[in-house]
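Below: the structure, in structure tokens.
The values are calculated or read from the model by the stated rules, or taken from the named source; none is laboratory data. Note that the coordinates shown come from a computational prediction; the quantities given were computed from them, not determined experimentally. Note: ideal-geometry Cβ built from the backbone for every residue, glycine included; neighbour counts use all protein chains shown.
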Amino acid sequence: MTDKVPDWQRIHELMLAAGFTEAGRGRGHVRLGWLGSAEGRGNLVLCTDPTAPEYDNTLDSLLDELAATRDRGRKAGDILARLRTEGVIT
């Protein structure tokens, strides 16, 4: 991470605008649900206390999960395209 502390409120705002849902709040964190997840269900954790020792680690975990999901989506798109191109599926 950089020396600049990322603004959890801006991250939260942008994720909600993108369609993620707020699944709950706890002491020092917000749980977010994936797009289309059931109300109150969420496994993405965003720490809300930049002074907490776990802030950077929690944020890194959130960003890693988003990146991994993006990569899985790309791979799924690649194989679907290949299956169509080779006539395996229509």
Cβ-Cβ under 6 Å pairs, at least 6 apart or on other chains, the stretch 70-90 side over 17 Å from Leu35 (Cβ atoms), far side part of a helix (DSSP H, G or I): Ile89/Leu83
Residue identified as of a type outside the set (A, V, I, L, M, F, W, C), surrounded by 10 or more Cβ atoms within 10 Å (Cβ to Cβ) and at pLDDT below 95 among Gly26, Gly36, Gly40: Gly40
Residue in the stretch 43-73 that is surrounded by the most Cβ atoms within 10 Å (Cβ to Cβ), counting only those that are within 9 Å of the chain's Cα centre (by Cα) and among the β-branched types (Val, Ile, Thr): Val45
